[in-house]
Amino acid sequence: MLKKRFFAGIALAACAGLAVTGVGAVAYAAQAQAQMPVALDAAAAPQAADDAGERLLSSVEKDEMIYVMTDASGQVEKIIVSDWLQNSLGMALIDDRTELKEPQAANGEAARPGADGALVWEAQGGDVYYQGEIEKELPVTMSVSYRLDGKSISPQELAGKSGRVAIRFDYTNRQYETVEIDGQKEKIYVPFAMLTGVVLDNDIFTHVEVTNGKLINDGARTAVIGIAFPGLQSNLKADAEKFEIPGYFEITADVQGFALGNTVTIATKEPFDRLKTENLDSVEALGDSLGALSDAMGQLLDGSSQLYDGLCTLLERSGELTSGVSRLANGAAQLQDGAGSVHSGAAALAAGTAELSAGLNALEQNSAALNDGARQVFETLLAAANTQLAAAGVSVPALTPENYTEVLNGVLASLDPDAVLSGAQSAAQDKVTQAVNAQRDTVKAAVTQAVAQEVTAQAAAAVRSAVEAQVLDAMGMTKEIYDAGVADGSVSAETQAQVTAEIDTRMADSGVQAQIAQTASAQMQTPELTAAIEAQTEQKIAELIAQNMGSADVQGQISAALGQAQAGAAGIAALKAQLDSYSGFYTGLAQYTAGVGQTAAGALQLAAGAAQLQGGTAQLQSGTTELYNGVNTLRGSLPALTDGVTALRDGAMQLSGGLEEFNERGVQKLVDASEGGLEGLAQRIRATADVSRGWQSFSGISEEMSGQVNFLYRTDAVRHS
């Protein structure tokens with residue numbers, strides 16, 4: 001349930017402005033879902049009449065609506081800003097500043113760059129609407145947490161579950177100013193009223209309860225409206241045990257198959273901008289100041305006091321209208337005085353513009369000859385460049401003012417050191433490879449000979465082993481017995497010499513040698529040895545190519561090619577730089593002469609307009625006199641309007657009720673809870689209102705503008721698949 005202390009006090013009062021702006025925005029967002037408007041709805045136009053006196057001091061007011069798209073936990077996914085530049089004085093051009101990425105206009109042309117990063121909009125006397133996305137930390141962040149039967153759970157896990165559910169919206173204020181209060185530097189947060197709307201299906205949600213909010217049940221659905229003021233407790237330095245200002249909003253309910261639609265939250269500081277802080281020297285004065293804003297929130301949350309709310313607003317606007325009309329009357333007097341000066345100045349302007357037009361026409365007549373001469377000079381330079389390139393052996397298309405940049409850039413790209421080095425290495429590789437391959441037969445013959453020698457040696461070794469076995473057998477020994485006897489000395493040296501001699505004799509036999517040759521020849525014809533010879537030949541070829549590539553001669557040729565390319569690139573770059581220099585002059589001259597022609601045409605129109613202006617200033621002078629007289633009449637009638645509205649409001653107070661209790665009890669409790677009592681609370685309320693009015697833009701604003709900014713947060717729905 002709502003904390004009654006709080007809604008009997010300042011927070012209830014401060015949110016009165018939401019009755020005008022908040023309800024419409026919530027209803028629109030609920031219908032729009034993911035579709036974001038390109039510009040503010042026309043229904044917001046009445047807001048342009050608010051604070052009329054202050055807006056006369058600024059030629060343009062910037063009204064921002066920030067759409068914050070989040071997931072079901074409040075994590076920001078996208079921020080869309082919709083800006084409305086209210087052009088009250090009908091300016092042709094509006095200087096603006098924005099941090100939006102690629103702002104898109106809803107009407108008229110896109111903005112063009114101005115001085116110092118500004119944007120210039122072609123307003124043509126009307127309002128400007130545009131929108132775009134932004135990546136920036138929000139002044140108030142929102143997180144949504146979920147619990148099922150007392151345990152934390154993600155919204156995705158909660159979908160389709162049943163039990164006792166708690167949904168809590170926490171709001172964190174991050175936007176503050178450092179203000180000196182009683183000699184101490186303190187943080188004063190920009191005050192935002194957070195109004196969250198949630199619609200619950202009664203088939204899913206039952207026994208719904210709310211903390212810091214209100215329930216409205218139509219039988220099929222339960223609408224829950226929550227409210228919070230993050231940072232306000234700190235601003236007022238109020239003891240939370242005596243007077244608690246909510247910073248969160250929570251719903252608890254029994255659910256069957258959890259599912260939740262989109263939620264919408266409005267964040268606005270407008271009620272605090274309107275808070276009147278001139279006379280806060282007593283509890284009664286404080287109550288009167290805050291009470292002037294209380295009833296609109298009563299209408300929003302309780303559905304009553306509608307007549308009283310409207311009359312309070314009318315009375316407040318009557319006071320603003322009185323102030324604004326007074327300023328308007330003063331301005332009308334100044335306008336009347338200035339009209340005479342404008343009329344005399346218009347005659348001088350008409351004469352001067354006629355003289356300017358004649359001079360520009362004379363200058364424009366020489367533009368064609370000037371451009372032709374510059375073209376001839378350019379073509380002469382390019383002809384010399386063509387001759388220079390041909391002499392250097394560079395073959396390219398003939399250079400022209402239109403193609404020389406592309407052609408020379410292509411030449412420079414071909415002379416890039418990495419490209420030249422790669423090409424030189426590739427050419428050397430091809431040349432060396434061709435030379436080595438020419439000796440392939442010789443290389444293969446050498447490889448074949450080496451293989452044949454090895455195969456013959458292996459065949460001879462096999463035959464010798466067989467002959468040795470025959471000799472030892474004739475002597476009554478085996479190979480094993482013989483080797484053992486040689487090892488232990490039982491076979492004498494004479495016997496060993498005898499064995500060796502007998503083996504050598506038999507090996508020298510022509511038949512044995514023929515057998516060895518036949519065996520070796522047969523092995524050389526096998527596929528394995530043929531493949532081995534081919535593989536060794538290829539390996540030897542690769543080794544020879546690598547050796548030649550690494551030779552001083554080949555590397556010297558590569559280095560020479562690279563040096564020549566670098567020298568050529570330097571010459572081409574210097575040539576292009578010279579041509580670029582003249583091209584800049586040539587292009588600038590063409591732009592200048594074109595501008596002279598446009599200026600001459602414009603000067604002619606200006607001269608004609610100045611003549612019309614001279615005729616119109618006489619009518620202006622007469623009209624300002626009528627305006628001044630009419631405004632004075634209106635100013636004289638305003639006291640009667642204010643008195644009548646006051647009488648209506650006093651009568652309607654009997655219908656709303658509760659305001660007297662707010663003044664006598666709620667404000668006194670807030671004074672008691674605030675550190676420093678009435679004086680300290682008054683200082684903090686003034687500081688809060690000043691900080692609120694001083695923060696005028698989220699996405700950027702020109703110094704010459706005033707601004708209003710509101711936020712709309714929309715969370716994703718939680719669906720059970």
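The values are calculated or read from the model by the stated rules, or taken from the named source; none is laboratory data. Given the structure is predicted, the values throughout are model-derived calculations rather than measurements. We place every Cβ from the backbone using ideal geometry, glycine too, and count neighbours over all the protein chains shown. To get the accessible areas, we keep the full protein, side chains included, count just its heavy atoms, and leave off ligands, DNA and RNA. Shrake-Rupley method; radii C 1.70, N 1.55, O 1.52, S 1.80 Å.
Being open to solvent by 60 Å² or more (accessible area, probe 1.4 Å) and within 30 Å of Met705 (Cβ to Cβ) is not true of Asp63.
Note on region 186-211: residues that are assigned to a strand (DSSP E or B) and either polar (S, T, N, Q) or over 28 Å from Asn710 (Cα atoms) (or both) amount to 8. Put simply, of Leu200, Leu236 the only residue that is over 33 Å from the mean Cα position of the chain (by Cα), modelled with pLDDT under 90 and either open to solvent by less than 40 Å² (accessible area, probe 1.4 Å) or of a type in the set (Gly, Ala, Ser) (or both) is Leu236. Which of the residues spanning region 540-598 are closer than 27 Å to Val443 by Cα and of a type in the set (S, T, N, Q)? Across region 540-598, the qualifying residues are Gln547, Asn548, Ser551, Gln555, Gln557.
Restricting to region 67-87, give me the number of residues that are among the aliphatic types (A, V, I, L, M) and touching a helix residue (DSSP H, G or I) at 6+ places or on another chain (Cβ under 6 Å). Outline the logic, then answer.
Of region 67-87, the ones among the aliphatic types (A, V, I, L, M) are 68-69, 72, 76, 79-81, 85.
Now drop any that are not touching a helix residue (DSSP H, G or I) at 6+ places or on another chain (Cβ under 6 Å), which leaves 72.
Looking only at that region, the number is 1.
Which residue out of Thr433, Thr405 is out of contact with any helix residue (DSSP H, G or I) (no Cβ under 7 Å at 6 or more places or on another chain), in contact (Cβ under 8 Å) with a residue 60 or more places away in the chain and open to solvent by less than 60 Å² (accessible area, probe 1.4 Å)?
Every option except Thr405 fails the conditions.
Could we say that Ser490 is among the small types (Gly, Ala, Ser) and not in a helix (DSSP H, G or I) here? For Ser490, the condition - among the small types (Gly, Ala, Ser) and not in a helix (DSSP H, G or I) - is met. Restricting region 482-505 to residues that are hydroxyl-bearing (Ser, Thr, Tyr) and surrounded by 15 or more Cβ atoms within 10 Å (Cβ to Cβ) leaves a set whose member that is nearest to the chain's Cα centre (by Cα) is Tyr482.
Among the conditions (1) within 23 Å of Thr263 (Cβ to Cβ); (2) crowded, with 19+ Cβ neighbours inside 10 Å; (3) polar (S, T, N, Q), Gln75 misses just one, which is (2).
What tally of residues in region 443-467 results from selecting those that are within 30 Å of Glu502 (Cβ to Cβ) and either of a type outside the set (Asp, Glu) or surrounded by 14 or more Cβ atoms within 10 Å (Cβ to Cβ) (or both)?
15
Of everything in region 127-175 that's part of a strand (DSSP E or B) and of a type in the set (Asp, Glu), which residue is least open to solvent (accessible area, probe 1.4 Å)?
Let us first name the residues in region 127-175 that are part of a strand (DSSP E or B), namely 128-133, 140-148, 151-153, 163-173.
Next, from what is left, pick out any that are of a type in the set (Asp, Glu): 133, 170.
On the way: Glu133: 75, Asp170: 44 Å².
Among residues in region 127-175 that are part of a strand (DSSP E or B) and of a type in the set (Asp, Glu), the one least open to solvent (accessible area, probe 1.4 Å) is Asp170.
When residues of region 212-239 are filtered for being touching a residue at least 24 places away in the same chain (Cβ under 8 Å) and not in a strand (DSSP E or B), how many remain? The qualifying residues number 10. In summary, Phe169 fulfils each of the numbered conditions (1) farther than 19 Å from Phe229 by Cα; (2) touching a Ser or Thr at 6+ places or on another chain (Cβ under 7 Å) with the single exception of condition (1). Taking Leu638 as the residue in question, decide whether it is in a helix (DSSP H, G or I), open to solvent by 50 Å² or more (accessible area, probe 1.4 Å) and at pLDDT below 75. Answer is no for this residue.
If the condition is being surrounded by fewer than 15 Cβ atoms within 10 Å (Cβ to Cβ) and under 25 Å from Val471 (Cβ atoms), then region 506-536 contributes Ala508, Asp509, Ser510, Gly511, Gln513, Ala514, Ala517, Gln518. A residue that is at pLDDT 80 or above and open to solvent by less than 80 Å² (accessible area, probe 1.4 Å) cannot be found anywhere in region 596-616. If you check Gly257 against the conditions, is it of a type in the set (Gly, Ala, Ser), farther than 26 Å from Val81 by Cα and modelled with pLDDT of 80 or more? Yes; evaluated as a whole, the condition is true for this residue. Considering (1) at pLDDT 95 or above; (2) more than 39 Å from the chain's Cα centre (by Cα); (3) under 25 Å from Asp273 (Cβ atoms), the lone condition that Asp182 does not fulfil carries the number (1).
Every listed requirement among (1) over 30 Å from Ser426 (Cβ atoms); (2) modelled with pLDDT of 85 or more is met by Ala546 save one, (1).
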